[in-house]
Structure formats: structure tokens, C-alpha cells
């Protein structure tokens, strides 16, 4: 908790610092509360846009207390707050001084005003394409390149707008702050797009095995080439690049399905055919070069002391849970474990046979739940409900930790149901695997 508060304080400091330095400026003549509020919103919005770059830079020390999936969700939903903040900036200025409306015409406006308008257009386009990417079937990799370029354009044009106005950056302290702000953004982009890919390029992997699994999934095994790989905690994930340079922005996040890496550094990822990239996984050739950026994530039983654990998996969300179960089995762990595993049909239950085997190696109870069961199915049916959880949860679960992974709607529903059953949210850990 202390580390979370520390990093949250750092975030607030980065966002509010421009406003604090703004107070060093002498108050311009002819301004009032609405005008000053508009200027403050503009500075705050620009600062938040810049910090968005840092949030997605995957700095492990900063993301570890929260889990990088939470950071990405915060990044996603903060986009709407930033847009509202930025749009209110010109709206308040125009309602305070209607004569400024002529500056919206690029043929009449000073260049820095046009830069400000284009910054807002870039931001709106960025958010619209992100929110509607799946609806418009935008391919992930081209969208990601466009997303990055639009983000750089939005911040760069906003900085140019602010520099051109000059009215609020004449003070040397304020000017130095924004110059440092701009340089830090450039450094962040250079690190993410050049330094980290270069580091990954020096530590390649190769595909050494490809196994078809139930539920249109594939397990890929990769081994390090010329290095020892890295250690990870069961349940974590990494960004995986297959058959391309790490500089080309073709990486995708996948959970480890294997237990912690053996001495040879091999890693396993179990990937379901869901999107434009994942549908090609079954055709990956053995020997293909891969790059692995990880580990990331806080979704792991190793970070939480507990007398027992309850796992809730939906579909391919079983992959990180399988990593934890395999690790616990390898360690000879005998704590009581309960797994709820939901899928549509029995034949699609990924890892079904191995889970049944793990029941003999662990103190593991499994509750399968099918939405479309066959006539012979004698298990649970439908979706995970509060009543189903209450029926199977152990009566002495006060010391259990809960791990939930699956589609976003299922994860949120299970969290509500557990909360309704009196489970403290501090003991519920979710992996939100749809990061983008």
C-alpha cells in the first residue's frame, strides 16, 4: 500500500507541477476566474497527456505495485478525462471572449492557434480509433503505429501551441519546466522505441515447439538463444514478438502458461485464436525467431500469503492460472485449492486432461461450468453466479486469496459476486488480459 501511495503521489506531482509553476507568473491584465481556469485546464491536460507516455513505458518499479494491466486500464480510461480537460480549455476561452472564434479558421489564425486546434483533432482521432478499433475491425499492428504517431502529434502540437502563445511561459522557471517536460517525453519515446527494442534484439528466443490445445488454442514453447532467459512468477505475462524485429511494434501481451522457467530458460505461452495475429499462431514454423519482453504483472499467488486459494477462469483465462497450478504442483504444495473453470462446451476446456491429472498432485477441487452442455453433462450449467459460488466455496475461506481471469465482463461480474458474499476486495486479484 505504501508503494502504491508513493507512485500515486509521483503521478499527482507530475500533473500538478505545471500549475504550481504557473503561479510564479505575474497575473496578466484583463483576465478573470473563467479565463484563468481555462488556462489551468490547458496546462493540466497537456501534463496528463505527457504522463500517458510514461504510464505505458513499462517501467517495472513503477508498475509492480499495481500490476501493469491496471496501469494500462488507467491509461485507457484517463484518455476520456484528458479529452474533457483539453476541450474545456478552448470552450471556456471562447465563452469568455467570443471574438476569439475567428482564430479557429486556419486561414486567419496565428500558427500557434492552428497547432492547438490540430492537437485536439489528433487527440479526438486517437481516442475514437482506440474506442472503436474492434467495431471497425482495425488491424492491431497498423492501429498501434497510428496510435503512437497520433499521441506524439497531439503532445507535440500542444507544446508548439503553448510555446507560440508565450504569455504564460515567459518566466524562466516556467520556460525551463516545459523544456524539461518536452525533453523527458523525447527520452521516454527513445527508450521505448529504440533502447528497449535494441536490448530485446540482443536477447532473442526461438520457437522450439507448437502444440494444439482444446478451445482453438496453441501452446508455443520458446527457448533463449545465447543467454539464460529470465525468471518470472507464475501467473505473470510478457510481450511476445514472433518472426519480426522488435523495432517494428509487432509485440502482443500473453500470459505464461508454464511454471517458472527451468534451467534451460524455456517459456510457454498458450494463445487462443481470437484476433488478426492470434489466428496465425497455429502456422508458426519451428525455429522462428521470437523476442520476449517480460516479466510483467502482479497476478501471481507468490505475492500473496494465504492458507488456500480460489481460482476463477473463463476461457483462455485459464492460462495464467495454469502457470500457478503447475508451479504449486512442482513445489509439492498441499494447500487447499478450488478452481472454477467456465467455458461454452466441454470439448473446448483447454488443459482439461492436465487439470484432471493435477487433481492427484494437488489438494485441488475443480468445478467445471458449461454454457452449452451436452446431454451427458452432469456438472454445473450456465454462468458463474453468486449462488454457484456460495454453493462451492469452502466455509472457512476467510484466509483464501482469490484469482480471477477471463473476459472483462465475466471478471467484473465475479468481482461483484464475491463482494456480495463478503469477500474483501483486498483478497481478490484479477488479470485484465484485454489490454488494448
* Structure fact -> When the range 276-292 is checked residue by residue, the ones that are surrounded by 14 or more Cβ atoms within 10 Å (Cβ to Cβ) and in a loop (DSSP other than H, G, I, E, B) are 277, 284, 288
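Looking only at residues that are at pLDDT below 75 and surrounded by 12 or more Cβ atoms within 10 Å (Cβ to Cβ) in the range 8-27, which one is farthest from residue 51 (Cα to Cα)? Show your work before the answer.
Filtering the range 8-27 down to residues at pLDDT below 75 leaves 17-27.
Cutting the leftovers down to surrounded by 12 or more Cβ atoms within 10 Å (Cβ to Cβ) gives us 17-19, 21-22, 25.
Details: 17: 12, 18: 12, 19: 15, 21: 17, 22: 18, 25: 23 Å.
Top of the filtered list is 25.
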* Assess whether residue 115 counts as being modelled with pLDDT of 90 or more and under 18 Å from the mean Cα position of the chain (by Cα). => no
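Got a sec? Which of 112, 161 is over 17 Å from residue 48 (Cβ atoms) and either touching a helix residue (DSSP H, G or I) at 6+ places or on another chain (Cβ under 8 Å) or surrounded by fewer than 19 Cβ atoms within 10 Å (Cβ to Cβ) (or both)?
Every option except 112 fails the conditions.
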* Counted residues, the range 170-222 - those being in contact with a strand residue (DSSP E or B) (Cβ under 8 Å, 6 or more places away or on another chain), surrounded by fewer than 16 Cβ atoms within 10 Å (Cβ to Cβ) and in a helix (DSSP H, G or I) -> 1
* To do: Working only within the range 293-313, note down all residues that are surrounded by 24 or more Cβ atoms within 10 Å (Cβ to Cβ) and in a strand (DSSP E or B).
  => 309, 310, 311, 312, 313
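The values are calculated or read from the model by the stated rules, or taken from the named source; none is laboratory data. Keep in mind the model is a prediction, meaning the values are calculated, not measured. Glycine also receives a Cβ, built like all others from the backbone with ideal geometry; neighbour counts cover every protein chain displayed.
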